[in-house]
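Before any comments, here is the structure.
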Amino acid sequence: MTTTPDPMKPNLAQTTGPHVQVVETDAAVERRSKEAYFTASQGQLIWARFKKQRAAMIAASVLLFLVLSGIFAPFLSPYNPTIAGKNDEYTNGAPQIPMFCDVNGCSLRPFVHAVERERSMATNFRWVTTINEDERHYIYFFVEGWEYKLFGFIPMDTHLFGAPDGFVHVFGTDDAGKDIFSRTFHAIWTSLQVGTIGVLIAFVLALVIGGISGYYGGWIDSVLQMITDAVRTVPAIPLFMAVAAFMPPELSAEERFFYISLILGLIGWPTLARRVRTHLLTERNQEYVLAAQLCGASSGHVIRRHLLPSFTSYIIVDLVISFPYMVLSETALSFIGLGLKDPVNSLGVMLQNVTSADVLLNYQWYFIPVIFFIALVMAFVFVGDGLRDAADPYSDNNK
């Protein structure tokens, strides 16, 4: 018995030989999309909302590039960023832009011209640079250079690029002859490390203090809130001036790095602690919390396994937003001389070199690290804003 297909019904399957093609209707596709939406986890919903924001995605790409460039800074740097890698013959040197063609023809390999320098009375004995277009310094990739430890424990001496028969300074050099390109990427990594340690310290203190204050309430909440208000009223700059006055000058760069990160974390927790407290005050009387308490769960278990996970997305957003403020704080303190100092390479230390009028008038390439600093802070801000908008995917204005 054969059945004549109804032309009014959609053809859901077409058989072509041994293969079967399934053609879904628009209604089926929409139904599957709705099912995927309502069965998705909170992280999947946040990611789906975040991907729809073009500015946040671009900022995330820039932030990822800067973080990776900081992690692999020794590999990307052709020269040692400390005084050990200085070029005595090219102090305050202008950037050397790699090229493929000049007056003598073109080359498949990029190169820079050799430079000749001499002091002139006409320029008050400043260096006068003359480009020798007849001499080329070819740039090679994956060359051997100064030794370093990738990730802190892998010994290597391979670098992304370099000029074996000369020097190539893409961002120019400073007054000591140190390569600004190499210093910039190491400075990004140092500032990110300070911000990460500061954020982690503030994060732990905020969760502990805000969680206890919001869960127990009563006199415990009153005491902890008085401590929180006291910390919030402490002005940051006078505090750092006092710390800098009592900090021994013989401290190593690593010790100063640790103290700066510790202080940034100790004064950066009150805002997140207030938000955690407010959330726990509203959630501690919910049915699922009472059920966990009746089952014999301890207070720490209830806070850690039930209350804080319901606030996870907002905590992540707050952490991302806190990063640029930590980086800004480190940069500002190093800029005014209260934070990190040479030989440490940080964005704040490098920004100290752009304060003189001589640099503004004659050595504009000193401002190149400022561009990376602005890009880093703006990337954090846009990513944080994007996560904040996507943190509540069930709200009506996000559908």
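Descriptive notes on the structure:
- Residues (at pLDDT 85 or above and either open to solvent by 40 Å² or more (accessible area, probe 1.4 Å) or more than 17 Å from L76 (Cβ to Cβ) (or both)) located in segment 142-153: F142, E144, W146, E147, K149
- Complete set of residues in segment 314-352 that are open to solvent by 10 Å² or more (accessible area, probe 1.4 Å) and outside any helix (DSSP H, G or I): I336, G337, L338, K341, D342, P343, V344, N345
- Answer from H301, H306 - the residue that is in a helix (DSSP H, G or I), at negative phi and touching a helix residue (DSSP H, G or I) at 6+ places or on another chain (Cβ under 7 Å): H306
- Selection within segment 192-203 - open to solvent by 30 Å² or more (accessible area, probe 1.4 Å) and of a type in the set (A, V, I, L, M, F, W, C): I197, L200, I201, F203
Results for (1) of a type outside the set (A, V, I, L, M); (2) exposed (fewer than 14 other Cβ atoms within 10 Å of the Cβ); (3) in contact with an Asp or Glu (Cβ under 7 Å, 6 or more places away or on another chain); (4) free of Cβ contacts under 8 Å to residues at least 12 places away in the same chain, shown as yes or no for each residue.
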residue	(1), (2), (3), (4)
R256	yes, no, no, no
S261	yes, no, no, no
G265	yes, no, no, no
W269	yes, no, no, no
R274	yes, no, no, no
R284	yes, no, no, no
E287	yes, yes, no, yes
A292	no, no, no, no
A297	no, no, no, yes
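- Residue list for segment 167-191, filter: surrounded by fewer than 23 Cβ atoms within 10 Å (Cβ to Cβ), under 23 Å from F141 (Cα atoms) and touching a Lys or Arg at 6+ places or on another chain (Cβ under 9 Å): F171, G177
- The number of residues in segment 143-191 being farther than 24 Å from R109 by Cβ and assigned to a strand (DSSP E or B) comes to 6.
To keep it simple, each residue is scored yes or no on (1) within 19 Å of W189 (Cα to Cα); (2) more than 28 Å from the chain's Cα centre (by Cα); (3) open to solvent by less than 70 Å² (accessible area, probe 1.4 Å).
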site: V67; (1), (2), (3): yes, no, yes
site: I71; (1), (2), (3): yes, no, yes
site: S77; (1), (2), (3): yes, no, yes
site: N92; (1), (2), (3): no, yes, yes
site: R117; (1), (2), (3): no, yes, yes
site: Y140; (1), (2), (3): no, yes, no
site: G162; (1), (2), (3): no, no, yes
site: D165; (1), (2), (3): no, yes, no
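- Residue pairs whose Cβ atoms lie under 8 Å apart, separated by 6 or more positions or on different chains, with the first residue in segment 218-229 and farther than 12 Å from R274 by Cα and free of Cβ contacts under 8 Å to residues at least 40 places away in the same chain and the second open to solvent by 60 Å² or more (accessible area, probe 1.4 Å) and in a helix (DSSP H, G or I), are I220/I212.
- Test: residue in segment 204-216 that is modelled with pLDDT of 85 or more and surrounded by fewer than 14 Cβ atoms within 10 Å (Cβ to Cβ): yes
The values are calculated or read from the model by the stated rules, or taken from the named source; none is laboratory data. Predicted, not measured: the structure shown is a model, and the values here were computed from it. FYI the Cβ positions are ideal-geometry reconstructions off the backbone, even for glycines, and counts take in every protein chain you see. Just so you know, the surface numbers come from the protein's heavy atoms only, side chains and all, with ligands and any DNA or RNA stripped out. Shrake-Rupley method; radii C 1.70, N 1.55, O 1.52, S 1.80 Å.
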